[in-house]
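Enquirer: Attaching a single structure in structure tokens format; questions to follow.
Laboratory data are not the source of any read-out in this text; all were calculated from the coordinates shown. A quick note: this is a predicted structure, and the numbers were derived from the prediction, not measured. Cβ atoms come from the backbone with ideal geometry, glycine included; neighbour counts cover every protein chain shown.
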Amino acid sequence: MSGFSWRIAEETDIPAISALQLRAIEELQRPFLTPAQIESSKKTMGLDRQLIDDGAYFMISEEGGPENVFAGCGGWGRRATLFGGSHSEGRSDAFLDPKTEPARIRAMYTNPDFTRRGVGKLLLALGELAASEEGFSKMTLGATLAGMPLYEAAGFRAISRDEDPAGDGLNVPVITMEKPIDRDGAVSVIATATGEAAAETVRRLAQARPSY
């Protein structure tokens with residue numbers, strides 16, 4: 001796993017993010033869901049724009065690749081919403097307490113042309129390090145069936161399962177998973193994937209943090 005770079009997403013990235021997410025939703029879930037279930041999943045997937053406003057959403061590019069082609073995107077949350085886009089029901093912008101609540105891993109999508117190259121692992125590590133820098137000791141996420149193998153390999157364990165989060169009877173499950181934060185492990189993954197020193201990654205993450 002090598003040859004990637006990352007940056008914080010901006011408002012101008014939203015069209016590219018939306019296109020990448022739609023392609024990932026429609027292509028990478030095919031082994032797990034029917035066409036009708038894939039359509040249903042769009043109700044509980046997609047971009048939550050609050051993540052961009054919070055400086056907590058990452059864009060991954062291949063070094064030397066086309067400027068407008070992203071290998072993946074994803075982020076983390078210091079707010080209560082566990083999963084879903086800006087259009088999804090049940091969102092909450094309440095801030096989490098790092099001392100008692102886990103940070104969220106949010107809106108993780110890999111470009112289908114870049115699967116099995118460590119993009120998801122890099123996105124998880126960036127979120128993990130960012131959450132660690134803000135005092136969190138655990139992470140949680142809402143996993144799709146397609147995403148579970150990645151998260152299990154990263155040390156997440158399932159703690160609950162919602163069979164029909166969209167409430168339309170099509171039964172597209174979302175599995176809540178959790179893991180302790182491993183700051184050293186995250187630093188190692190980022191360094192291996194990008195060649196970036198830990199101090200520089202930490203500096204850039206801090207620079208992206210808003211002043212509320």
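Enquirer: In angstroms, what radius of gyration and Dmax does segment 1-83 have, counting Cα atoms only?
Expert: 13.8, 38
Enquirer: Let me ask another. From the list (i) 18.8, 66; (ii) 15.9, 48; (iii) 20.8, 70, can you say which value of Rg and Dmax of the Cα atoms in Å was derived from the structure given?
Expert: Correct label, based on the coordinates given: (ii).
Enquirer: Right, here's the next one. Mind listing which chymotrypsin sites (Phe, Trp or Tyr not before Pro) in segment 76-114 are in a DSSP loop and have 10 or fewer other Cβ atoms within 10 Å?
Expert: On the way: sites: Trp76, Phe83, Phe95, Tyr109, Phe114; in loops: Phe83.
When the chymotrypsin sites (Phe, Trp or Tyr not before Pro) of segment 76-114 are filtered for loop state and at most 10 Cβ neighbours within 10 Å, nothing remains.
Enquirer: Can you give me the relative contact order of segment 4-208 as a percent, contacts being Cα pairs under 8 Å and 6 or more apart?
Expert: Values: 379 pairs, mean separation 43.0, N = 205.
Relative contact order, segment 4-208: 21 percent.
Enquirer: Next up: Just from its helices, what would the mean residue ellipticity at 222 nm be for the chain, if runs of 4 or more DSSP H residues each count -39500 (n - 2.57) and the sum is divided by every residue, rounded to the nearest 500 deg cm²/dmol? Present the calculation step by step, with values, prior to reporting the outcome.
Expert: Working: 7 runs with 71 residues, N = 212.
Per the formula, -10000 deg cm²/dmol.
Enquirer: Oh, and also: For Lys138, which lysines qualify as cross-link partners when the Cα separation must be under 18 Å and same-chain residues fewer than eight apart are set aside?
Expert: Lys99, Lys121, Lys179
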